[in-house]
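Okay, so here's the structure we're looking at.
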Amino acid sequence: MSESQNDADKQDQRPSKMSAIILLADIADTTWRMFVPPIIGALLGWWADSSWGTFPWFSFIGLAIGCTATAFFIKALLKRVNNV
């Protein structure tokens, strides 16, 4: 086997730049789906608590709604990935 064939085989084994970009996009997509809804829910709950003096009830409710939204987002993502 010649050196040029070995070099060609090594290049074929490397992931393409496009596949790396797609992987990074999937990681970013999953990250926001996991962290943003609970944070937004907790912040909205904190705002409601500070407005109406009900601390910590709306903070917990907002966090629970955000975590539930996260579960639905991740479930939809997994369904999409399994269908591909």
key: Cut-off 14 Å between beta-carbons: net charge of the residues surrounding ALA25, Lys and Arg +1, Asp and Glu -1   = +1
request  = Quick one, can you get me the convex hull of the C-alpha atoms of the stretch 3-83 expressed as volume per residue in Å³?
outcome  = 97
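Read-outs: derived from the displayed coordinates by stated rules, not from any lab. Nothing here was measured: the structure is a model prediction, and the numbers come from that model. Cβ sites come from the backbone with ideal geometry, for glycine too, and all protein chains shown count toward neighbours.
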